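The values are calculated or read from the model by the stated rules, or taken from the named source; none is laboratory data. From a predicted model like this one, the values you see are computed outputs, not experimental measurements. Because the Cβ atoms are built from the backbone with ideal geometry, glycine has one as well, and the counts that use them run over all protein chains shown. Side chains are part of the model used for accessible areas, which takes the heavy atoms of the whole protein and leaves out ligands, DNA and RNA. Shrake-Rupley method; radii C 1.70, N 1.55, O 1.52, S 1.80 Å.
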Amino acid sequence: MLMLVVAIQDVLDGKYEEKSLTIRGWIYRKRESKQTIFLLVRDASGVVQCTVKRDNPSWTQAKKVTIESSVMLEGTVKHDERAPGGYEIAVENLSIIGLAEVFPITEYKSEEFLRNVRHLWLRSRRMNLIMKVRSEVLRFIHDFFKKEGFVEVSPPMFISSACEGGSTLFGLKYFDKQLYLTQSAQLHLEALIYSLEKVYCVAPSFRAEKSRTIRHLTEYWHVEPEWAFADMDDLMRFEENLLSYICHKTVKNCKKEMESLTVDISKLVAVEAPFPRITYTEATERLNSKGFKIKWGEDFGYDEEKALAEDFGKPFFVYAYPRQIKAFYCKTYRDNPDLVMSTDMLVPRIGEISTGGAREDDKEELLRRLKKLGLREEDYDWYIDLRRYGTVPHVGFGLGLERLLTWMLDLENIIDAIPFPRTIRRFYP
Ligand code: 4AD
Ligand code: MG
């Protein structure tokens, strides 16, 4: 007889009480008494307790089965308050698919150890839940852009000139040429707005970050939109609406996952547009009144951003930055060319999660800027073309997906927001 194969979460949701069925998964925990073997079995959806009795023909298989073996179990669902989740499966037949060797992850392993066996640690409930929320957050991001009429595009990863400055560029040999890995799709997205007006991508960005912090990866996923006929106010409004949408959707659709991860969801529920906006100049004054000694024109580091974020306790914008600390493409305020139309979104504990702004749309200004920064005009010739042929005011931003998740899920370190983190020291597995 063919047995019904079900997801464990459906069993836990009470859909199959007293029904005979099959589950497939892996042995998560095992405990034996004289008359019963208790197997906690996990699949992608959840963990359920299964019991094998001594008089059952499967007893020998149950004796033999090891932690992390893959199995198929047939049995009957019983309601039992004592079982974790309130349901258990009385096993009638247990087949071992792949008998596991002694699993290296046991309780109380160090962080360092778990990072070295990341390929196995991904099986943990914690990583399973984080990856599910990550997937949902990505879905909400795509939904939002679609809703707003944006076209998803696929930018190149091999690039010939820097977007965000040379210090964090990864170089690579491309046949007999020197190329780089992209730091941001922005410049290529700018080219696409002349065709599609509103575009976005979710793609990897690479940064040769030497800093070892809780918020830096060398490879991260970058959410980047760019659109035409828009200004700074449009930009900030769009960003706050996007973030509110993501937070509220996640609270609604990932309730179970967030509870199991003991996430403080109140901060997500509370996210509401409009966000506070302060200028860079106001931010330095605030910081200096707290005892920092920032001279006007200096950039903020992690400590400054965290201190500012404490004041607000929620997402907010800093905008109108000194020209000297921002990239060549930033548009200057026409009444104050020392300032550029650039804005960072900051959140508590993490600091910056996005940078965006208006792009210099005047060809002569752009050329002056490139020259001033010692960048070679010929490296950016195609980009300058965008100002030669039908230039338009336009804006865009880049949001770091893993930084966003680190904040949303109260993760201690950004590395848990991505399955296979890459940092200066870590590229295995
Ligand atoms: O601030 P960044 O460097 O801005 C840009 O790349 C712009 N060209 C984006 C644009 O306007 N299209 O990077 C944007 C965001 C940061 O705010 C941060 O969230 C994330 O990318 N980010 C990193 N995330 C993890 N690890 C790193 N090393 C990161 N560097 C930047
Ligand atoms: Mg930035």
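Kindly evaluate TYR180 against the criterion of being more than 30 Å from GLY46 (Cβ to Cβ), assigned to a strand (DSSP E or B), of a type in the set (Phe, Trp, Tyr) and open to solvent by less than 40 Å² (accessible area, probe 1.4 Å).
no
Could you look through segment 389-404, keep only residues that are more than 14 Å from ligand 2 (Cβ to nearest atom) and aliphatic (A, V, I, L, M), and pick out the one that is nearest to LEU235 (Cα to Cα)?
Among them, the one singled out is VAL395.
What residue, among those in segment 405-422 that are touching a Ser or Thr at 6+ places or on another chain (Cβ under 6 Å) and away from ligand 2 (no atom under 16 Å from the Cβ), is least open to solvent (accessible area, probe 1.4 Å)?
Ranking the qualifying residues of segment 405-422, first place goes to ALA417.
Okay, residues lined up against (1) on the phi < 0 side of the Ramachandran plot; (2) out of contact with any Leu (no Cβ under 7 Å at 6 or more places or on another chain); (3) of a type outside the set (Asp, Glu); (4) within 16 Å of ligand 2 (Cβ to nearest atom):
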{"site": "GLN324", "(1), (2), (3), (4)": "yes, yes, yes, yes"}
{"site": "ARG334", "(1), (2), (3), (4)": "yes, yes, yes, no"}
{"site": "SER342", "(1), (2), (3), (4)": "yes, yes, yes, yes"}
{"site": "GLY374", "(1), (2), (3), (4)": "no, yes, yes, no"}
{"site": "ARG387", "(1), (2), (3), (4)": "yes, no, yes, no"}
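Name every residue in segment 51-65 that is open to solvent by less than 50 Å² (accessible area, probe 1.4 Å) and either free of Cβ contacts under 8 Å to residues at least 40 places away in the same chain or more than 10 Å from LEU39 (Cβ to Cβ) (or both), in order of residue number.
ASN56, SER58, TRP59, ALA62, VAL65
Restricting the search to segment 186-221, which residues are closer than 21 Å to PHE328 by Cβ, part of a loop (DSSP other than H, G, I, E, B) and within 7 Å of ligand 1 (Cβ to nearest atom)?
Scanning segment 186-221 gives ARG207, GLU209.
Find the strands (runs of 3 or more DSSP E) located wholly in segment 323-404 whose residues include 2 or more that are out of contact with any Asp or Glu (no Cβ under 7 Å at 6 or more places or on another chain) and of a type in the set (S, T, N, Q), and list them.
In segment 323-404, 336-347 are the strands (runs of 3 or more DSSP E) which contain 2 or more residues that are out of contact with any Asp or Glu (no Cβ under 7 Å at 6 or more places or on another chain) and of a type in the set (S, T, N, Q).
State whether the residues of segment 168-180 include one that is of a type outside the set (D, E, K, R), in contact (Cβ under 8 Å) with a residue 40 or more places away in the chain, within 24 Å of LYS306 (Cα to Cα) and within 16 Å of ligand 2 (Cβ to nearest atom).
yes
Taking PHE238 as the residue in question, decide whether it is under 29 Å from PHE144 (Cα atoms) and open to solvent by less than 50 Å² (accessible area, probe 1.4 Å).
yes
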